[in-house]
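Since the structure comes first, as C-alpha cells, the remarks are kept for the end.
Values in this text are rule-based calculations from the coordinates and carry no lab data. A quick note: this is a predicted structure, and the numbers were derived from the prediction, not measured. Note that we place each Cβ from the backbone using ideal geometry, even for glycine, and neighbour counts take in every protein chain shown.
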C-alpha cells in the first residue's frame, strides 16, 4: 500500500510494540560493529543456523552463516533453485558515526587526563560535546589475546565526555560557523583528574593507566593495537507521550540491519536462496576488507556454489548477476521544524512505512545506483499483495545535499538493487529517532521480499 499511515492499518499495536522491544535490546547491545556481529551470531544459532566453515556440503533448507573479521556477517537459507539462478539479498551496514580513539591517545593537560580522538563518518561535531559518552572496543595484545572493553552503559559505570565552553565566555566562539564552533582536534575525551601519589610528572595520566592495568591488564603501548570507539552512553528509549517513536544511537543503519536479520531468522526455505549480509565501513565509503567493496561477499557466494554443486567461476558470476537485492538503508525523515530542505512530494514521512529511494547520490544523481523501474514495479506488486505499507523519497531537495549507500557497489555485479529502509530524524546525531510503525513494517517488507 503506497503512502498510507501505518498506524491506521492496525486495530491493535501490540505486535508493533513487542517487536520494537526486541529491537531496543539489539540496539542497546550492538553499539559497535563487533558487538552487532556477535549478537547476530547468537540469535542465528538460536534459530538453527550453523557456521558454514563446519560443513562439507549444503542442501535445500540448510541454514548457515559466515563471519568476516568479526565485523561482517552473512546468513543464508538454501533454496530449491541452484545458487547460480540468483539469491534474494537484504544488505545493511552496522557501522555508525562515532569518535575513534587514536593510536597514541592518552595525555595529561592541566591536571586532566584526556583521550585524543578522530571522528568517524559524517557528524556535526558540536553535537558530541556535553553529551554522556561510553567507550567500547578491544585491546589486541602482542600475545594474541583480545580484551573486550565496555565502559559507560552499566548503571554502576562512570561515563566520559567532552567539555564545552560556558556561555558566559563564549562571545568569540559563537561568532564562528557551526562547522568551526568545535574543531575535530578538540573532540578529546576527559578520563579523570585524580593524580597518582608519589608521581610528580603526568600523575593523573599515570593513575588512569593504573586503573586500566588493574581492570584490563593493558599498558599504554597496548593502545597501538586497540580499537576503541566512543559512543553515546544511553539506552534506546520510547520517544513521545504516545510511545510511537523510538530514540537511540545508531538507528543508521542498525534499524535496517535488525529488521533484515529478523526477517531471515523468521523465514523458511524459499525457491531462491535467502541472504542477509551486514557490512562495515559504509559511513566512510564502504572501503577496506570489511566494507561492501571487499571481495568477501563474492567469495562467500563462491563457497556456497562449491558446497552445493560442481564449482565454476561462471556460476559465481551468474549467481551475482541473477540476484535481486534490497539495499536496506535508512532515509532522511521529513522534519516539520525544517521543511524547506525537502521537496514535500518526494520526502520520507515517519509512520508511512518502508521508504524506497530509487536513487540517492547528489546534485545530478552523482554516485547513484538509480534502480530499474521494471524491478521496482515487481517489488510494488509483491508488497501490495502482502498488505505492506511503503513510500518513496529523495534525500532532500535537488542541489541541497545528498548521500549514498552500498546499492551501487552490488549493482556493479549487474544485479537488480534498490534502496529500501526506515525514515530517520536527527540522522547521524548521537540520538536518532524512528517510528516504531516503520520499524515493524520494514520487517514485514523484508520478510516478504525473501519470498520474491
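Between 0 and 90 degrees, the angle of helix 251-265 with respect to the longest Cα principal axis of the chain falls at about 40 degrees.
Note: region 354-452, Cα convex hull, 109 Å³ per residue. Cα centroid distance between region 287-331 and region 73-98, in Å? Measuring centre to centre over Cα atoms gives 8 Å.
Sorting 81-90, 310-319, 222-231 by their mean Cβ neighbour count within 10 Å, with the most densely packed peptide first, gives 81-90, 222-231, 310-319.
Computed on region 98-232, with alpha-carbon pairs under 8 angstrom and 6+ residues apart, the relative contact order is 38 percent. With coordinates expressed along the principal axes, the C-alpha atoms belonging to region 314-413 extend over 52, 34, 18 Å, beginning with the largest. Packing order of peptides 367-376, 212-221, highest average first: 367-376, 212-221 (average count of other Cβ atoms within 10 Å over each peptide's residues). Region 121-170 and region 13-67 have their alpha-carbon centroids 27 Å apart. Using a simple spin-label model with pseudo-atoms 7 Å out from Cα toward Cβ, residue 366 and residue 124 lie 2.4 nm apart.
Report for region 1-110 the percent antiparallel among DSSP-assigned beta bridges with both residues inside it, nearest 5. Within region 1-110, antiparallel bridges account for around 75 percent of the total. Counting only alpha carbon atoms, the long axis of helix 436-449 and the longest principal axis of the chain meet at about 40°. Using the Cβ-Cβ distance between residue 243 and residue 186 with R0 set to 22 Å, the FRET efficiency from 1/(1 + (r/R0)^6) comes to roughly 0.05. Computed on region 1-129, with alpha-carbon pairs under 8 angstrom and 6+ residues apart, the relative contact order is 15 percent. Values of log10 I(q)/I(0) for region 98-232 across q = 0.10, 0.13 Å⁻¹ run -0.36, -0.59, by the Debye formula with one identical scatterer at each alpha carbon and no solvent.
Sorted on the mean count of surrounding Cβ atoms within 10 Å across their residues, most packed first, peptides 40-53, 144-157, 435-448 read 435-448, 40-53, 144-157. The distance linking region 355-378 with region 419-452 is 18 Å (Cα centroid to Cα centroid, whole angstrom). Within the chain, antiparallel bridges make up roughly 70 percent of the DSSP beta bridges whose residues both belong there. When Rg and Dmax are taken over the Cα atoms of region 336-379, they come to 12.6, 36 Å. Over the chain, Cα pairs under 8 Å with separation of 6+ residues give a relative contact order of 23 percent. Between the helical axis of 373-385 and the dominant principal axis of the chain, each derived from Cα atoms, what acute angle in degrees is found, rounded to the nearest 10? Compared with the principal axis, the helix lies near 90 degrees. Answer rounded, prolate or oblate for region 244-294, using the Cα gyration tensor with square roots of eigenvalues a ≥ b ≥ c: rounded when a/c is under 1.5, else prolate when a/b is larger than b/c, else oblate. Note, shape of region 244-294 comes out oblate. For the chain, the Kirkwood estimate of hydrodynamic radius, built from reciprocal distances between every pair of different alpha carbons, is 23.2 Å.
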